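Structure first, then comments.
The values are calculated or read from the model by the stated rules, or taken from the named source; none is laboratory data. Computed from a predicted structure; not experimentally measured. FYI the Cβ positions are ideal-geometry reconstructions off the backbone, even for glycines, and counts take in every protein chain you see.
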Amino acid sequence: MRDAFRNTIHALYFAMVSSSWDRKRMEPNTGNYLATPTQYAESIRAYLRCHFCDAGRSKVVLTDTWYPKSGWKRQRNFFPDQFKDFNGYTLRMVSKPLPPIVDFTRDTDKPGTSIQFVDCLEIRMLRAMAGKLNLTFRAFVPTDDQWGQLLDNGTWTGLIKALIQEEADFGTCVFPSFKRNAVVDFTRMYASEPFLIVTLKPQRLPQYLAIIRPFTMSMWIAVSVTSLVVGLSFWFLHRGLWELSKLTTRTREQFTDPPDRSTMTYAFVYTWSLLLQQTPTQDPSDFYGRTWLSCWMVFSFLVSTVYRTALFASLLVPQMNDPIDSIPQLLKQRGWTWGMEPHYSVGWQFLTESTVPDIQKIAKALQVRPIAEEMKLVSKGKHAFFTWKNYVRNFIAAEYSDRYGNNPMHISRQRYLETNGAYWGSRKGAPFVRAITKIQQRLYEGRILGFWLNQIIQETAKHAKNKNSTISDIQDDEMLVVLNLSHFQGAFYTFFIGLFLATLALVAECLQRCLSGN
């Protein structure tokens, strides 16, 4: 019977008792003709189930007695708020570490061992509740050390299993899901914890590409195609019109340009020399050629001016590669890997059970490692780490921030599971969930929880300030060096490549003349 009413908040039991059993004689009521001094009136006792009256244990207590003549003796409220005072009840908590929300030390290395909370959001919130509701708490870890995963046989593991089997009153920092909602009740969300991607901050692009960086690829293609078209038109003005003169009344003597200038090779070299701002050695002698020369020189001047201006600006301001802010961006990167911790929680379900094609591609190549190993790979570049916002912020502050607070990690702007966060989970129908939720609601709406969370992260960074020597790449920008030889790597590479090609062309021409006997 006791287990049947364990989730019932208000339970009253009425018992009829003879007044002779009370051994109390009722005073005669002269106003009631039925009452006589020899009669014994009956009474009705009302018993209330009190959840935390007996030093925090459930107990049945007598709340009032009803008499036929005088009515209820105490006129007590039969449905008091039983959850204002827990009378020293020991709240049983099952927990997994997720700093800065939950952090603790284990008493032993055994499965299911008890734990001692260190400074974290949970311990601060528990202390506030303990003072308000007059309760204590005791915490332990799940026997299998898992958050809670639904197995193929329909059973649960880890923290969710402990709540279903009522081994604990609450599970701290539990993330809800559709499947978990069917077996566990949740309080309100007290800390937002979206799912995101951590990568290395954008790095400087290679300096050997600085020479082609002022223009986009489409712009380079447009300039190249235009140069080819203009070169063909220049060749046509000389060679083509010279050939067409056979069919007209005009004679070849009207085209005074030498025959070697009518070759296609000369036309393309002449066109590119103007584009590179090289002064031509001899101008075209005909009207069409001069008109072509004037238009192409103006175009070349505009293009070269824009290029030099953009090149100078790109050399002054270091250019970075694009940051990774979403899954589609990550999939477009070549040679990248990604992973997450072996939590197998809501984040794991999001990646492995999604029907979105991009997320399915992520799941196929997803690697599983501890956070320390994942972050080492992230620091080396070309690796992404899927994790939780505040959790990774605290880890970065502790392990990768320098004394100025700088760190080399980039947290994506795109957040997944935005409505997700830290909740307390409890067994289905637990009557005390509402009282706990009220306290959490007040702390959340007063922005106390958010203040505590930021304070814990800042304190973590302070403790790690002198321990870490990681220097952010951003600090390199403080050096008062505007241009140096490294900025001109592309120009040197282009020069040597051009010199090599010119040498090959000269050797090929010499071999051709030797073989031809000239």
query: Is it the case that some residue within segment 183-202 is modelled with pLDDT under 90, over 30 Å from residue 432 (Cβ atoms) and surrounded by fewer than 16 Cβ atoms within 10 Å (Cβ to Cβ)?
result: yes
- prompt: Where in segment 105-213 are there strands (runs of 3 or more DSSP E), lying fully within it, with 3 or more residues that are charged (D, E, K, R)?
  reply: none
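The rows are residues; the columns are (1) more than 25 Å from the chain's Cα centre (by Cα); (2) surrounded by fewer than 20 Cβ atoms within 10 Å (Cβ to Cβ); (3) over 23 Å from residue 148 (Cβ atoms).
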{"site": "385", "(1), (2), (3)": "no, no, no"}
{"site": "392", "(1), (2), (3)": "no, no, no"}
{"site": "395", "(1), (2), (3)": "no, no, no"}
{"site": "404", "(1), (2), (3)": "no, yes, yes"}
{"site": "417", "(1), (2), (3)": "no, yes, no"}
{"site": "423", "(1), (2), (3)": "no, no, no"}
{"site": "432", "(1), (2), (3)": "yes, no, no"}
{"site": "437", "(1), (2), (3)": "yes, yes, no"}
{"site": "448", "(1), (2), (3)": "no, yes, yes"}
query: Quick check, is residue 96 touching a helix residue (DSSP H, G or I) at 6+ places or on another chain (Cβ under 8 Å), surrounded by 18 or more Cβ atoms within 10 Å (Cβ to Cβ) and among the basic types (Lys, Arg)?
result: yes
statement: Checked pairs for segment 148-169, first free of Cβ contacts under 8 Å to residues at least 24 places away in the same chain and outside the structural domain of residue 349 (by TED's automatic domain parsing), second assigned to a helix (DSSP H, G or I) and of a type outside the set (A, V, I, L, M, F, W, C), C-beta under 8 Å and 6 or more apart or across chains, list as 155/161
- request: Taking residue 53 as meeting all but one of (1) at pLDDT 80 or above; (2) part of a strand (DSSP E or B); (3) among the hydrophobic types (A, V, I, L, M, F, W, C), write down the number of the exception.
  value: (1)
- prompt: Just a yes or no: is a residue in segment 99-122 over 32 Å from the mean Cα position of the chain (by Cα), farther than 22 Å from residue 345 by Cα and among the acidic types (Asp, Glu)?
  reply: yes
- prompt: Looking only at residues in segment 138-152 that are buried (at least 17 other Cβ atoms within 10 Å of the Cβ) and either among the polar types (S, T, N, Q) or at pLDDT 90 or above (or both), which one is nearest to residue 165 (Cα to Cα)?
  reply: 142
- request: Select from segment 313-357 the residues that are among the basic types (Lys, Arg) and in a loop (DSSP other than H, G, I, E, B) and list them in ascending order.
  value: 334
message: Looking for something in contact (Cβ under 8 Å) with a residue 60 or more places away in the chain and within 27 Å of residue 183 (Cα to Cα) - is there at least one such residue anywhere in segment 62-80?
response: no
task: Could you grab the pairs with beta carbons closer than 6 Å, sequence gap of 6+ or different chains, first residue in segment 493-518 and touching a residue at least 12 places away in the same chain (Cβ under 8 Å), second one outside any loop (DSSP other than H, G, I, E, B) and surrounded by 10 or more Cβ atoms within 10 Å (Cβ to Cβ)?
output: 493/208
